[in-house]
Amino acid sequence: MTKLSVNINKVATLRNARGGNNPDVIKVALDCEMFGAEGITVHPRPDERHIRRSDVLHLRPILKSEFNIEGYPSKEFIDLVLSVKPHQVTLVPDSPEQITSNSGWDTKANQSFLIEILETFKQAGIRTSVFVDADVDMVEYAAKAG
């Protein structure tokens, strides 16, 4: 079980604000591993305001630790995850307009949708996590979906 997975999205946000490649997201991820991180987490959004698709594609073959991709399971996101095959995918219910993920899935209302997505990733051999609020009902429905 991974004890520490470092989310490098804010590093990418800073890089994108500056233009160019400073700080270098790939180097930061490798440094995190070197300093003991057991995983790297990214959240590619459709607008690429932080992690870009190209970052995801470059990171996968060079990381030695667990790679976790989180995001809303749009067709584009699912295609990216299936092509990259990270160790884990974390499903979050955020819309592209949201600044950050600030709430979990309504697993009751989205149970059939989540079951379908979970099965897709399960068949590809990708462990899947579902971002839920600390609400007993939502956790129970998430457990039923998984």
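Each reported figure results from applying straightforward, stated rules to the coordinates on display, with no laboratory input. Owing to the predicted nature of the structure, the values given are computational and were not obtained by experimental measurement. Heads up, the Cβs are rebuilt from the backbone with ideal geometry, glycines too, and the neighbour counts pull from every protein chain shown.
The table that follows gives values for the structure above.
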read-out: Spacing of the two label points (7 Å from each Cα toward its C-beta) at S74 and S54, in nm; value: 1.9
read-out: Per DSSP, loop chymotrypsin sites (Phe, Trp or Tyr not before Pro) in the stretch 19-110 with at most 12 further Cβ within 10 Å; value: F35
read-out: Of the trypsin sites (Lys or Arg not before Pro) in the stretch 21-58, those whose Cβ has at most 16 other Cβ within 10 Å and which sit in DSSP loop; value: R49
read-out: Evaluated over the stretch 1-45, the Cα radius of gyration and Dmax, each in Å; value: 11.0, 36
read-out: Loop GluC sites (Glu not before Pro), the stretch 93-126, which have at most 11 other Cβ atoms in a 10 Å radius of their Cβ (DSSP); value: E97
read-out: Normalised convex hull volume, the chain, alpha-carbon set, Å³ per residue; value: 112
read-out: Cα centroid separation, the stretch 42-73 to the stretch 1-17 (Å); value: 10
read-out: Calculated [θ] (222 nm, deg cm²/dmol) that DSSP helices of n ≥ 4 give over the chain, each run adding -39,500 (n - 2.57); value: -13000 deg cm²/dmol
